[in-house]
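Peer 1: After the structure tokens below, expect a handful of questions from me.
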Amino acid sequence: MKPINFSKYQIYNSSKQYVLRILGFVCWTSNHCIKQGWFKIFGRGLAWRHEKKGLLFSERNGYTKYWKVGKWYIRFI
């Protein structure tokens, strides 16, 4: 087992996911696409989405809070 492991995966054509593990513990995870993405550091993070993608069900119905900054929706994960 390597003490530090950095992996890169291609999920879809334009989406890339990164995972950083230190001693088997996941420290950083992220997924980036053209109009949306998210990242987590030690289990907490942010997600963003362009307004053309629309809101998620929980955001539309008020179950999840989000902020609109310019043309982007940002929320906690």
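Every number here is computed from the coordinates shown, using simple stated rules; none is lab data. Bear in mind that the values here come from a model prediction, so they are computed numbers and not experimental data. Cβ sites come from the backbone with ideal geometry, for glycine too, and all protein chains shown count toward neighbours.
Peer 1: Subtract the Cα-Cα distance of Lys68 and Asn5 from 0.36 nm times their separation in residues, and report this length gain in nm to one decimal.
Peer 2: So the chain would gain 19.2 nm between Lys68 and Asn5.
Peer 1: Given only helices, namely DSSP H runs of n ≥ 4 each adding -39500 (n - 2.57), what is the per-residue ellipticity at 222 nm of the chain, to the nearest 500 deg cm²/dmol?
Peer 2: Details: 1 runs with 4 residues, N = 77.
One gets -500 deg cm²/dmol as the mean residue ellipticity at 222 nm.
Peer 1: Of Lys16/Lys52; Lys35/Lys65; Lys16/Lys68; Lys8/Lys52; Lys16/Lys40; Lys8/Lys40, which sit over 22 Å apart, Cα to Cα?
Peer 2: Values: Lys16/Lys52 20 Å; Lys35/Lys65 19 Å; Lys16/Lys68 24 Å; Lys8/Lys52 27 Å; Lys16/Lys40 14 Å; Lys8/Lys40 15 Å.
Long pairs (Cα-Cα over 22 Å): Lys16/Lys68; Lys8/Lys52.
Peer 1: Then there's this: Do you know the relative contact order of the chain, to the nearest whole percent, from alpha carbon pairs under 8 angstrom that are 6+ apart?
Peer 2: Working: 135 pairs, mean separation 14.5, N = 77.
It comes to 19 percent, rounded to a whole number.
Peer 1: Now a separate question. What nm distance separates the two modelled labels at Glu59 and Ile77, each placed 7 Å from Cα along Cα→Cβ?
Peer 2: Here the answer is 1.4 nm between the modelled labels.
Peer 1: Tally Lys and Arg at +1 and Asp and Glu at -1 over the other residues with C-beta under 14 Å from the C-beta of Phe6: what net charge comes out? Don't skip to the end; give the middle numbers.
Peer 2: On the way: positive: Lys2, Lys8, Lys16, Arg21; negative: none.
Here the charged neighbours net out to +4.
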